[in-house]
Amino acid sequence: MKIIREFENYTENTPKVLSLGMFDGVHFGHISIINLLKSVAQENNLETAILTFWPHPRKVFNPNDEIKLLNTLNEKLNLLENANLDVVFLKSFDENFRNLTGEEFIRQILVQKLNVKHIIIGHDHVFGKNKSGNFELLQKLSKELDFVVQQLDAVKEGEFNISSTKIRNCLANGNIIGANKMLGYHYSVSGKVIDGKKLGRTIGYPTANIEVDELKLLPKKGAYIVEVYVKNKFYKGMLSIGTNPTVNGDKLTVEVYILDFNEDIYGEEITVKFRDFLHEEIKFESLEKLIVRLDEDKKLTENFNFS
């Protein structure tokens, strides 16, 4: 997969089938679009392409917006690469770009610059200044500019449309199973293992503190059953997101206790994949009561079906 960062100097003229959007999460809804891209490409001898943005447009419109994302940039690009696309255009949502009207974007970017012959958009996608670009505008211009346009219906999980916002809401409520169903994979967090207060080792539960990208969305505070990957090897784990209220902590930390593990991994990059929610963050009356609960959580984790 080719990654084209910005495209002011892009000169290739290969005809393309393209979709555009943030693709945050690269969830089941996005995969349905990508599958259609590949089908259309095969039938019409086109190159598959995604036009996506970084940072999130909301950060450009409001730099103080505290939106957290399902994917870091590297995670998103890896997921798109795993989907076997030909090219991803990565555009910064700068002042010039945000001021293009929907029609200017279609004419100048999609047609003249990228040579798009087939456009596929999601059911509710809008683009261009003041959201002036939409499916109707694409249809209106398609004959004049010689491209085909398709709009996909929303992909559902049960009764609900799948969307990045709904997945974020699931994670914010600790609904890991619901989020994972819509994603089509297990939500993950990666980061370097950094020094912590080392309190866990004094009670028989040494933890690895994970330094998480500040834009990455963390699930709600609480305890979770997770898969842990250290040097590409899998371990069972129990992860805590919170401030350690039992010992009067005040800083949010992400800490994982790795079962059947006894290695020094400070400085290592590790990945945790969320499998289920154990319980809310609890302030225990004593360390003894905390240990009792950790013992219970450990049994639940040992008995969890990770298949």
How far is helix 73-82 tilted off the main Cα axis of the chain, in degrees rounded to 10, range 0 to 90? 70
Rank 199, 142, 185 by how far each Cα sits towards the positive end of the charge dipole of the stretch 138-252 (+1 on Lys, Arg Cβ; -1 on Asp, Glu Cβ) and give me just the farthest. 199
Whole-percent carbon and sulfur share, accessible surface of the chain, 1.4 Å: 47
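Quote to one decimal, in nm, the extra length available between residue 295 and residue 124 on full extension: 0.36 nm per residue of separation minus the C-alpha distance between them.
Values: separation 171, 0.36 × 171 = 61.56 nm, distance 4.71 nm.
So the chain would gain 56.8 nm between residue 295 and residue 124.
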Name the long-range amide H neighbours of residue 51: under 5 Å, sequence gap of 5 or more, or other chain; modelled H, no Pro or chain starts. 19, 20, 21, 89
Hey, with R₀ at 41 Å, roughly what FRET efficiency would residue 235 and residue 43 work out to, going by the Cβ-Cβ distance, to 0.05? 0.35
Any idea of the accessible area per residue across the chain, 1.4 Å probe, to the nearest Å²? 52
Residue by residue, what Karplus-based ³J(HN,Hα) values in Hz, rounded to whole numbers, does the stretch 61-67 have, using 6.51, -1.76 and 1.60 with θ = phi - 60° and x for Gly and Pro? 5, 9, x, 8, 4, 9, 4
Mind pulling the angle between the C-alpha long axis of helix 28-44 and the longest principal axis of the chain? Nearest 10 degrees, somewhere in 0 to 90. 40
Which label in (i) 20.3, 79; (ii) 22.4, 74; (iii) 22.5, 79 gives the computed Rg and Dmax of the Cα atoms in Å: (ii)
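Under the rule a/c < 1.5 gives rounded, and otherwise a/b versus b/c splits prolate from oblate, where does the stretch 1-75 land using the Cα gyration tensor? Write down the numbers at each step before the final one.
Values: a/c = 2.84, a/b = 1.55, b/c = 1.83.
It comes out oblate by the Cα gyration axes.
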Once the whole set of protein chains is in place, how much accessible area is left on residue 163, using a 1.4 Å probe, in Å² to the nearest 10? 30
Whole-Hz couplings from phi, Karplus 6.51/-1.76/1.60, listed for the stretch 5-19; x for Gly and Pro: 8, 6, 8, 4, 9, 6, 10, 5, 10, 5, x, 10, 10, 9, 10
For residue 177 and residue 261, extending 7 Å from Cα along the Cα-Cβ vector and measuring point to point gives, in nm, a value of 2.5
Those lysines that a straight Cα-Cα span of less than 23 Å connects to residue 298, excepting residues fewer than 8 apart in one chain: 197, 198, 220, 221, 231, 233, 236, 273, 283, 289
Does the stretch 165-307 come out rounded, prolate or oblate by the C-alpha gyration tensor, with a ≥ b ≥ c the root eigenvalues, rounded set by a/c under 1.5 and, if not, prolate when a/b is larger than b/c and oblate if not? rounded
Indicate the gyration tensor shape class of the stretch 11-149 (rounded, prolate or oblate), computed on the Cα atoms with a ≥ b ≥ c the square roots of the eigenvalues: a/c under 1.5 is rounded; otherwise a/b larger than b/c is prolate and the rest oblate. oblate
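The values are calculated or read from the model by the stated rules, or taken from the named source; none is laboratory data. Predicted model, so just to flag it, every value in this text is computed and none were measured. All Cβ positions, even for glycine, are placed from backbone atoms using ideal geometry, and neighbour counts span all protein chains on display. Calculation scope for accessible area: heavy atoms of the full protein, side chains included, ligands and nucleic acids excluded. Shrake-Rupley method; radii C 1.70, N 1.55, O 1.52, S 1.80 Å.
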